[in-house]
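Worksheet: the structure to be examined is printed underneath.
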Amino acid sequence: MSRVLITAGANGIGLVMAQAFAATGAQVWVTDVDAAAIAALPAGLRGSTVSVADEQGMAALMAEVQATWGGLDVVCVNAGIKGPTSAIVDTDLDAWRDCLAICLDGAFLTVKHAAPLVQDGGAMIFTSSTAGLYGFPYRSPYAAAKWAIIGLMKTAAMELGPVGIRCNAIAPGSVEGPRIDRVFAAEAEAKGMTAQAVAQGYAAGTAMGCLVTAQDVADMAVFLASAPRISGQVIAVDGFTINPDPKV
Ligand SMILES: NC(=O)c1ccc[n+]([C@@H]2O[C@H](COP(=O)([O-])OP(=O)(O)OC[C@H]3O[C@@H](n4cnc5c(N)ncnc54)[C@H](O)[C@@H]3O)[C@@H](O)[C@H]2O)c1
């Protein structure tokens, strides 16, 4: 039975991933800073309240996982926050650093402390974003972090390949749900548009004219967890972005 660890697994994409892995018969352990959501996890999912940006906390969590399960087969390096919505020239250094601390430092700390537990044949799956494939006006720290996630993933794939661990990244487009609604609202305010117009612009920027679902992303994670010899790749789940900054 696979043993799966998912960061930021108590809500959103991470929770849908957790349920998708559980549906395959895997044992799933999530970590998240949302203590209420951890307490309310569906039956069968284990949870810990640890921030990915807390190195001591992540080290202690991995020690607990090792003592309980004896190792891991899959790690979903999923935690990320949207960061500030502002032009580069208006972005505070503290807001930049807060975004990088969770999106990038958190991914680094997850790999650093979880990789030693992952068995030969295991997989690490990073959640980047289409923001890691293109520029993203008004979201500079987020875009920088999501590009950096890909560099981290490719490096991890090279370091861990010799011990049989595959690393890949998923680049979701705009995922339907409350998080993207907050993104649309913030961008609408920054651009002087309505949130509905921003949402229409995001969909119009894809060949398929759509947003994607958390289930689409979770299904890709389940596939990548057991895709022999696929490593070092970035797979977009986005309806094919053809215009990353549509003006509507
Ligand atoms: N929603 C989208 O449209 C979208 C698109 C592309 C990529 N992504 C990426 O997908 C991942 C998940 O996003 P989501 O849409 O599910 O977001 P979400 O806001 O729905 O959920 C994020 C979860 O992260 C948790 N979290 C926040 N800070 C944390 C920390 N320091 N340590 C551990 N957990 C923490 C929150 O408590 C929450 O449970 C992120 O990396 C995000 O950048 C999302």
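We did not get these values from a lab; they are worked out from the coordinates using the rules stated. These figures come from a predicted structure and were not determined experimentally. Here the Cβ is made from the backbone with ideal geometry for all residues, glycine too, and neighbour counts use every protein chain on show.
Here are some notes:
- Rh (Kirkwood; distinct C-alpha pairs) - the stretch 81-125, Å: 12.4
- C-alpha long axis of helix 140-160 to longest principal axis of the chain, angle in °: 30
- Lysine-lysine proximity count for the chain, Cα under 29 Å, sequence distance 8 or more or distinct chains: 11
- Within-10-Å neighbourhood charge of Val212 [Cβ basis; K, R +1; D, E -1]: -3
- Under a 5 Å amide H cut-off, with hydrogens placed 1.01 Å from N, Ala169 pairs with Phe126, Gln233, Val234, Ile235 among residues at least 5 apart or on other chains.
- Rounded to 0.05, the FRET efficiency of the Asp90 and Asp181 pair, given R0 = 22 Å and the Cβ-Cβ distance, is 0.45.
- Descending semi-axes in Å of the stretch 151-248, equivalent ellipsoid built from Cα gyration tensor: 32, 13, 12
- Under 15 Å, Cβ to Cβ, from Arg229 - net charge with Lys/Arg +1 and Asp/Glu -1: 0
- Average projection, convex hull of the Cα set of the chain: 12.7 square nanometres.
- Fluctuation leader among Ala60, Ala22, Ala145 - the chain, Gaussian network, Cα springs under 10 angstrom: Ala60
- Arranged from fewest to most other beta-carbon atoms within 10 Å of their beta carbon, Ser226, Ser86 become Ser226, Ser86.
- Relative contact order (%) - criterion: Cα under 8 Å, at least six apart; region: the chain: 19
- Using a Förster distance of 51 Å, the FRET efficiency for Phe240-Arg97 (Cβ separation, nearest 0.05): 0.95
- Under 9 Å, Cβ to Cβ, from Leu109 - net charge with Lys/Arg +1 and Asp/Glu -1: -2
- Shape analysis of the stretch 79-155 yields a ratio of the Cα radius of gyration to the Kirkwood radius, Rg/Rh, of 1.04.
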